[in-house]
Amino acid sequence: MTSRTEPSFRESVDLMFNRAVKLMDLPPGLEEKIRVCNATYTVRFGVRLRGAMHTFTGYRSVHSEHMEPVKGGIRYATGVNQDEVEALAALMTYKCALVEAPFGGSKGGLCIDPREYEEHELELITRRFAYELAKRDLINPSQNVPAPDMGTGEREMAWIADQYARMNTTDINAKACVTGKPLNAGGISGRVEATGRGVQYALREFFRYEEDKAAAGLSGTLDGKRIIVQGLGNVGYHAAKFLAEEDGSRITGIIERDGGLFNADGLDVEAVRNWIVKNGGVTGYPDAQYLEDGSKLLEEDCDILIPAALEGVINLSNAERVKAPLIIEAANGPVTAGADDILRKKGCVIIPDMYANAGGVTVSYFEWVKNLSHIRFGRMQRRQEEARHQLVIDELQRLDDVMGDTWSMSPNFKDKYLKGAGELELVRSGLDDTMRVAYQSMREVWHSRDDVTDLRTAAYLVSIDKVAKSYHAKGL
Ligand code: GLU
């Protein structure tokens with residue numbers, strides 16, 4: 001056992017930043033400038049509900065404005081506090097830099113348990129919070145663009161967008177004030193699945209490199225790999241579903257608030273999700289072993305562990321017992337700085353949060369661009385692309401006709417080839433490219449420097465270098 005005490009979330013992020021920055025040669029003072037959070041705004045506002053005035057506390061923190069707008073989600077949870085929002089805002093800065101989304105870092109939060117309120121009450125609260133932020137330009141298409149995070153989703157983003165539009169009736173770019181909106185309110189196809197999809201693309205890219213797999217003691221493909229997922233919310237659900245359905249991985253464990261499920265043969269992700277939606281938790285799910293203390297599953301034997309819920313779940317109290325050789329941080333900050341040290345020494349490979357869950361902000365970037373360009377992706381090219389493909393198909397058809405039994409087009413080829421890319425296909429392609437390129441930039445540093453022994457440090461080096469270069473370009 002260790003006698004170290006656990007730092008706060010923000011201190012944990014700072015410790016990881018410091019570890020990386022020591023290996024860099026930044027101009028004097030710049031290190032401190034990048035690390036600190038520029039500003040955190042706290043708002044306390046009242047909303048009249050159920051015949052009484054209720055006071056709510058919310059935050060919007062801006063970590064770095066080296067690029068604007070700044071970007072980051074708004075979280076609704078009872079545990080929201082300034083330290084957490086600042087840690088998350090810092091991670092947004094590094095995340096955006098790493099995946100080359102042209103934003104600074106920000107994050108917001110409201111101390112509230114959304115399950116305790118009716119929909120119309122949540123709307124009043126969200127609109128009031130949005131009003132408080134928008135009037136200070138903490139929601140603004142060119143300065144600060146929120147998005148969903150834990151406890152919020154498309155519905156809240158639609159309210160925020162509408163609230164901003166009401167306050168800025170002549171702003172032609174009003175829709176770009178927030179991302180993660182529903183499709184009919186200016187959203188983009190594929191945003192809901194984006195973070196989970198990004199986790200899948202990240203793992204696929206990792207599994208393309210023998211050397212990287214070997215570092216974790218793994219080999220082969222994702223097919224048949226045993227995966228334990230913590231949190232079957234939007235991120236965990238999509239990641240688990242895609243990995244099981246499209247890559248053949250086996251989801252052997254699912255951890256939720258009320259316990260954990262284990263099935264060595266693999267759980268049916270869709271069935272578990274439906275059970276949770278219907279029953280409010282995993283308790284009673286029939287086709288698995290149930291563990292009241294779900295967190296024990298974090299220590300279970302598996303090939304890949306995906307913490308996709310809260311920060312700090314792998315910490316000094318359990319890191320030593322975590323057996324997974326590969327952890328991919330779908331959540332923000334699930335491994336504390338202390339746990340990171342322990343796991344690294346044990347040889348565990350961690351694909352860090354700022355990369356692993358960057359799919360969300362990447363597709364948010366696409367949505368923001370779509371809103372600013374006022375046109376859906378693919379609208380101009382799709383039919384033209386199909387027409388050109390038709391020419392090839394016609395030629396092949398001619399060949400098919402004269403070749404008789406000796407040659408014919410493969411089944412489905414015609415349909416697949418003819419289909420021009422719509423918005424969803426383009427979004428997925430842009431996301432895949434982003435995840436691949438960002439991974440390559442990290443692994444380059446990981447493998448080329450003797451003083452860099454893990455992906456997290458590599459990720460920090462890549463992103464801090466990018467942030468430093470933007471400051472330099474601004475003459476700072
Ligand atoms: N809340 C998400 C995150 O932590 C998404 C942020 C965004 O899309 O701006 O990355």
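The values are calculated or read from the model by the stated rules, or taken from the named source; none is laboratory data. None of the values given here were measured: they were computed from a predicted structure. Neighbour counts are summed over all protein chains in view; Cβ atoms, including those assigned to glycine, are modelled from backbone coordinates with ideal geometry. Side chains are part of the model used for accessible areas, which takes the heavy atoms of the whole protein and leaves out ligands, DNA and RNA. Shrake-Rupley method; radii C 1.70, N 1.55, O 1.52, S 1.80 Å.
Numbers for the structure displayed
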| read-out | value |
| --- | --- |
| Conditions (1) open to solvent by 60 Å² or more (accessible area, probe 1.4 Å); (2) over 25 Å from the mean Cα position of the chain (by Cα); number of the one not met by G404 | (1) |
| Only one of E425, E395 that is away from the ligand (no atom under 16 Å from the Cβ), under 29 Å from the mean Cα position of the chain (by Cα) and open to solvent by 60 Å² or more (accessible area, probe 1.4 Å) | E425 |
| Residue that is hydroxyl-bearing (S, T, Y) and farther than 27 Å from G190 by Cα, where the choices are S441, S408, S429 | S408 |
| Selection status of S142, hydroxyl-bearing (S, T, Y), within 12 Å of the ligand (Cβ to nearest atom) and farther than 24 Å from Y237 by Cα | no |
| Verdict on L49 being within 16 Å of the ligand (Cβ to nearest atom), among the hydrophobic types (A, V, I, L, M, F, W, C) and either over 19 Å from V178 (Cα atoms) or without any contact (Cβ under 8 Å) to a residue 24 or more places away in the chain (or both) | no |
| Counted residues, segment 366-398 - those being on the phi < 0 side of the Ramachandran plot and either touching a strand residue (DSSP E or B) at 6+ places or on another chain (Cβ under 8 Å) or not in a helix (DSSP H, G or I) (or both) | 7 |
| Residue within segment 92-105 that is crowded, with 22+ Cβ neighbours inside 10 Å, within 11 Å of the ligand (Cβ to nearest atom), over 17 Å from the mean Cα position of the chain (by Cα) and within 30 Å of P307 (Cβ to Cβ) present | no |
| Filtered residue count, segment 206-255, keeping only those that are part of a helix (DSSP H, G or I), under 25 Å from D454 (Cα atoms) and without any contact (Cβ under 8 Å) to a residue 40 or more places away in the chain | 3 |
| Criterion: buried (at least 17 other Cβ atoms within 10 Å of the Cβ) and either over 22 Å from the mean Cα position of the chain (by Cα) or not hydrophobic (A, V, I, L, M, F, W, C) (or both) - qualifying residue of E6, E65 | E65 |
| Any hit, segment 37-51, residues being in a strand (DSSP E or B) and either out of contact with any strand residue (DSSP E or B) (no Cβ under 7 Å at 6 or more places or on another chain) or at pLDDT below 95 (or both) | yes |
| Enumeration of residues in segment 124-143 that are of a type outside the set (A, V, I, L, M, F, W, C) and either open to solvent by 60 Å² or more (accessible area, probe 1.4 Å) or under 11 Å from Y164 (Cβ atoms) (or both) | R127, R128, Y131, K135, R136, D137, N140, P141, S142, Q143 |
